[in-house]
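Some notes on the structure that comes next.
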Amino acid sequence: MPAAPAVEAPPLGARASVVREQLLRKLTYAVGKDPFVARRYDWLLAASHVVRDAIIDRWIASTRETYRSGRKRVYYLSLEFLIGRLFRDAASNLDLLEPLREALASFGVALDDIAEIEPDAALGNGGLGRLAACFIESMATVGIPAMGYGIRYEHGLFRQEIVDGRQVEVPEDWLSHGNPWEFERREAAYEIGFGGAVEGREDWDGATKPTWKPAERVIAVAYDTPIVGWKGKSVTTLRLWAARAIDPMRLEAFNQGDHLGAVTERMRAESISRVLYPADSTPAGQELRLRQEFFFTSASLQDLLRRHVQQFGDVRSLPEHAAVQLNDTHPAIAVAELIRLLVDVHGLSWEEAATLTRETISYTNHTLLPEALETWPVHLMERLLPRHMQIIYAINARLLADARRLPGADDAFIAAVSLIDESNGRRVRMGNLAFIGSHKVNGVSALHTALMKETVFAPLARLHPDRIVNKTNGITPRRWLFQANPGLTALIRETIGDRFMEDATALSDLARHADDASLQEAFAAVKQANKQRLAALIGERTGVRVDPSALFDVQVKRIHEYKRQLLNILEAVALYDAIRADPDRFPVPRVKVFAGKAAASYWRAKLIIRLINDVARVVNADPAVQGKLKIVFLPNYNVSLAERIIPAADLSEQISTAGMEASGTGNMKLALNGAITIGTLDGANVEIRDLVGAENIIIFGLCAEEVTALRARGYDPRATIEATAALKDALEAIAQGLFSPDEPGRYGELVGSLYGGDHFMVAADFAAYAEAQRQVDRLWQDQVTWRRKAILNTAHVGWFSSDRTVREYAEEIWRVRPRVSPDLQS
Ligand SMILES: *Cc1c(COP(=O)(O)O)cnc(C)c1O
C-alpha cells in the first residue's frame, strides 16, 4: 500500500489540480476506493479512467466528423495487433502525463510505478503485429479516418520463462483484471457461418442465387478500443471481435444432468477467440486457425458493409468510401467473402462484385520464405467454407483464361499463377488469392518489393505489371522515442526545438550539431542513464551484474534461424576464446543482450535460446574474461521490455541472411534511439544505410544476390568452416560440450546442421561478421567519433516514422486524403 496521502495537498499546477480532482472522483466513483486504502492497481485504474474520459470526447468528435464529411475510411484487417501498454501512450499523446504525475504524487503515488503494472496487450507475435499497432496510432495522428479490425484474444502471446536455460511457455492472462480501455458493443454483433452446403444452381450470370446454408454458426461481438493520435488530433477505433455461442447453453441437456454436454457448443464457439497462435512466419495449418481467419474477416466485412449501406444507401459506391487493407494473407479470404456478400446477399452480378472487391481491397506481403506462404488444403476449405471454395474456383477459371492469352504462356506459367497448388495435394494459395483480389499489392522495404517482383509474384506480375508497389515500414516516434526515451526527447527539444515532434524528418536538424562537444556529452549522458536503468533490470531479472559503461550490444527480436542469433552467439564464443588467450588484445568491455521468443513448436529456435543461456552461464562465471564479456538473455521479450532495452543500446544487431528479412522495424527503433547498426544488406537496413550514410553504419557479409549466386554455384559449408579457424574452434567447443558438460551431445545436431548444409549462411558470413565486430571495437575506443555517428543515426532516420508510411499508403493505395498535412500540423 502506498504511503498515506498528504492531508493537505501541496500546491499543484493549474492542470494538475484539475486532474487531481478528476482522479479523486474516478477513484471514488469508478473504482469504489478511498485514497487511504487504494492499492497501486486502483490508482492505475482511476488514472486510466481520467485519460479515457479525455479520449472519449475526441473519439466521438472524430467519428462524427468522419460521418458528417462522408470521407473515405480505411479498414485495416490484421490477425495481430501488438499494442503493449496503453496508459502512458494515451496520456502522453494527450499531454496529460505531467499533470497526472503531479496529481498522483500529491497522493504519494509514483506514476512510473503504476504504469509498470499495466499488462501488455500482446495480441501479436512480433513485427507484423507491432506494425499494425504503429499504423493505427499514425492514422489517428495524421487524420486518416480508420478502423483496425482484429481478434480479441482472451490469451495473447505466451509469457516466456527461462528455466535452466530453456524456454518455458506460460499462458498469458491480460484480461484477468479487466480492461479499462475497451467498450463492449453488444449492438455490433454478426453471425459467422461454418460448414454446411450450398443450395441453388451455380449459375453466375443466371437468375438463380446460390445460397450457403452453414451447419454451424457463431456470433462475433465487437469490443472497441480508442487509439488516440498525437496531441489528441483524432482518435481511431480498434475493433476486436470476440466469439460467442448463439445459445449460452442447451438447457435441455443440462436438465437431464449432462452438465458438460450442455456447454460444449459454447466452448467450441468461444475457442475461436481463445488464444493467439504463437507462430511467427510459419503458418500453423490447423483448422482452428482457418476458423479464426474467416471469423474476423467475415465479421469485419459485414460490419463495414452495414455501415456503408446505412450511410450511402448503395453497395455499388463501396470503393469510393472504403479501403480494405489486408495485413498479410491471414485475412485473404476477404476476397471470396466480399464477393459472396455482394453476390449472394446484396444481389450484384459476378462481374460487378469482382470489380468492386478489387477496387476496395489491397494486400501487404510480409515474407518471401516459401514455408511461410499460407496455403490451405482444398478439402478443408470445401468442408469449412464450401461457398468460398466455389468462388475461388470461379475466380481461378477467369484468371487462368486470362493467363493463357499471354504470349508464351506455357503449362509451368499457368501452374504458377493458379490459385490452386496442384503439386502438393491440392492447396489454395492465399497469397495468389490476395494478389488477384487486390488493386495494389505491396512489399515492406525497397529490397523486399524488388525480390517479390522477381520471385514469388513474378508470374502474377506478368499479368498485372503495375500492381506491386513498395511501402517501406515505419514506427511511431511517439512510442519509440517520446515515451520510451524521454531523456533523449528532452535533449533533442533543447537542441533543435519542437518541430520534430510533429514531423520526424525534422530530426535532421540535429545533424548540424553532431560535432558539438556539448551535445555529444549530453547525448552520451542520456544513453548512460538509460543503460544504468537497463543494467538494474538485468540484475533484477537474471541476477547477472553488468557494467553500464561497457558497450551494450543488443539483438532483440523473435528467435528464428534466418535472423541468425546463432551467428551472434558463435562469434561470442570465438571472442570468449580469444579474450581468454590474450585479454589485453580486447580493451573494449561488452555486454551482449539477447531477448526474444521462439514459437512453441520451433525446436531448433528453442535450442538456440538454450545455447545462448548455456554460453552465458560459462562466460559470465569465468574470471579469466576479466569482465570484458557478459552475455545476458532477458526473458519474455515484449513491447514493454523493448521500450526498456532499445533506448539503452549502443549497437544494434540486424544480421539476417540477406534476402530473408522483409523489412524489420526493430532496426528502425534502435537507430532512432542512437544505436549504431551492425547488419547485412537486408530489408530496410539498405534504406537505413542510404539515409544515415555508409560511414555511419557497419555493413558486412553477403548481399542477397551473392547469397543466390553462392547457392546456385554450390555452397560448401564444410570447406568454409575448415578455412575459418575461429569458427571451427567455436563449433568444436560447443559440439564437445564445453557449455553443456551435463549433456555434452546437446548441440551435436545443431553444429551438424551447419556442416551439413548451413541454409542460412552462418559459416559463409562468419569471418566478415567477426571482422566487423573488431571494427566496432575500434570505433568504440574513439568515443568522439562514436557519439557523432550515434547522433547522426538519430538525425537521419526520421523518415521511418509510420506517419510517412501511412501517408504513402493513403496517397497511392487507399486514395484518401489525410486531414493533417505535415506543414499544417501545429
Ligand atoms: C519491433 C518489435 C518487433 C520486430 O522486431 P524485428 O527486429 O524487426 O524483428 C518484435 N517484437 C517486438 C515486441 C517489437 O517491439
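Details
- Put in order of Cβ neighbour count within 10 Å, fewest first, the listed residues Met660, Met381, Met249, Met668 become Met249, Met381, Met660, Met668.
- The chain: DSSP helices with Cα axial extent of at least 30 Å and average Kyte-Doolittle hydropathy no lower than -0.5: 40-69, 287-312, 517-542
- Counting neighbouring Cβ atoms within 10 Å and putting the fewest first, the residues Glu65, Glu661, Glu154 line up as Glu65, Glu154, Glu661.
- Net charge of neighbours whose Cβ lies under 14 Å from the Cβ of Ala572, counting Lys and Arg as +1 and Asp and Glu as -1: 0
- Size of charge dipole - the chain - debye, nearest 20, with Cβ of Lys, Arg +1 and Asp, Glu -1, no other charges: 1160 debye
- Here the peptides 780-787, 309-316 are ranked by packing, the mean other Cβ count within 10 Å, and the order with the highest first is 780-787, 309-316.
- Spin-label model, Glu422/Glu352: points 7 Å from Cα along the beta carbon direction are separated by 3.5 nm.
- Among Leu97, Gly70, Tyr153 the positive-end extreme of the charge dipole of region 57-189 (Cβ point charges): Gly70
- The ranking of His759, His321 from fewest to most other beta carbons within 10 Å of each one's beta carbon is His759, His321.
- Put a plus charge on the Cβ of each Lys and Arg, a minus charge on the Cβ of each Asp and Glu, and nothing anywhere else: the dipole of region 83-149 about its Cα centre is then about 280 debye.
- Annotation: amide H of Leu629 within the under-5 Å range of Arg590, sequence separation 5 or more or interchain, hydrogens built in the peptide plane.
- For the chain, projected area of the alpha-carbon convex hull averaged over all directions, nm²: 38.2 nm²
- A simple rule links phi to the HN-Hα coupling: the Karplus curve 6.51 cos²θ - 1.76 cosθ + 1.60 with θ = phi - 60°, which for region 433-440 gives 4, 5, 4, 6, x, 10, 7, 9 Hz, with x for Gly and Pro.
- Those trypsin sites (Lys or Arg not before Pro) in region 363-427 that DSSP places in a loop and that have at most 16 other beta carbons within 10 Å: Arg405, Arg426
- Mean residue ellipticity, 222 nm, helices only, the chain: the sum of -39500 (n - 2.57) across DSSP H runs of n ≥ 4, divided by residue count and rounded to 500, is -13500 deg cm²/dmol.
- Taking other residues whose beta carbon is less than 12 angstrom from the beta carbon of Lys26, and scoring Lys, Arg as +1 and Asp, Glu as -1, yields +1.
- Charge tally around Asn638: other residues with Cβ under 9 Å, Lys/Arg +1 each, Asp/Glu -1 each, net +1.
FYI, it's all coordinate maths here, none of it is from the lab. None of the values given here were measured: they were computed from a predicted structure. Reconstructed Cβ throughout: ideal geometry from the backbone, glycine too, with neighbour counts over all protein chains shown.
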